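Down below is the structure, laid out as structure tokens.
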Amino acid sequence: TIIVNNKGLVINGTTVIETANLGDYVSASFDTGSSDPRYNYLKWESATVAGATVKLQIRTSDSEAGLADASWVGSDGTNTTYYENSGMQIVTSPSATGTRYIQFKIQIMSDGVNTPLVESVTINYNP
């Protein structure tokens, strides 16, 4: 509450706003409509800022329900890597139960002041 009177500005309470330096966004699942799609590349558009990064991982499965148990993987098909550059070739996990359904996860890291904005993500594939 802020009270302004003839004596000046009196602040009766304050609000503390906290920011997170790391956060994940998990997409909805996508059905390619094919039991054996050929994934080509993963591309995203983002507004980058100094001190912040954007990287992605994917997971695939033969069913939508199976995605929950699938491993998130990066550019070499393992869970220790990420897609760190837009336009990289998609590599699926060798242990995936299938590839009909796909999901992506965006990890955003910030310096606590500047945060990047991801505007779009494209998963290019052939059914």
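The values are calculated or read from the model by the stated rules, or taken from the named source; none is laboratory data. A quick note: this is a predicted structure, and the numbers were derived from the prediction, not measured. For neighbour counting, all protein chains shown are included, and Cβ atoms are generated from backbone atoms with ideal geometry for every residue, glycine included. SASA here: full protein model, heavy atoms, side chains in, ligands and nucleic acids out. Shrake-Rupley method; radii C 1.70, N 1.55, O 1.52, S 1.80 Å.
Set side by side, the residues 91, 26, 73 differ, and just one is over 14 Å from the mean Cα position of the chain (by Cα) and at negative phi, which is 91. On the given criteria, is residue 125 open to solvent by 60 Å² or more (accessible area, probe 1.4 Å), aromatic (Phe, Trp, Tyr), out of contact with any Pro (no Cβ under 8 Å at 6 or more places or on another chain) and not in a loop (DSSP other than H, G, I, E, B)? Considered against the rule, which asks whether it is open to solvent by 60 Å² or more (accessible area, probe 1.4 Å), aromatic (Phe, Trp, Tyr), out of contact with any Pro (no Cβ under 8 Å at 6 or more places or on another chain) and not in a loop (DSSP other than H, G, I, E, B), residue 125 comes out as no. In region 80-90, how many residues are free of Cβ contacts under 8 Å to residues at least 40 places away in the same chain and within 24 Å of residue 64 (Cβ to Cβ)? The qualifying residues number 1.
Going residue by residue through region 102-119, is there one that turns out to be free of Cβ contacts under 8 Å to residues at least 12 places away in the same chain and either more than 24 Å from residue 33 (Cα to Cα) or among the basic types (Lys, Arg) (or both)? Looking for residues that are free of Cβ contacts under 8 Å to residues at least 12 places away in the same chain and either more than 24 Å from residue 33 (Cα to Cα) or among the basic types (Lys, Arg) (or both), one finds none in region 102-119, hence no.
Of all residues in region 107-122, those satisfying the criterion of being assigned to a loop (DSSP other than H, G, I, E, B), within 14 Å of residue 55 (Cα to Cα) and either open to solvent by less than 60 Å² (accessible area, probe 1.4 Å) or among the basic types (Lys, Arg) (or both) are 110, 116.
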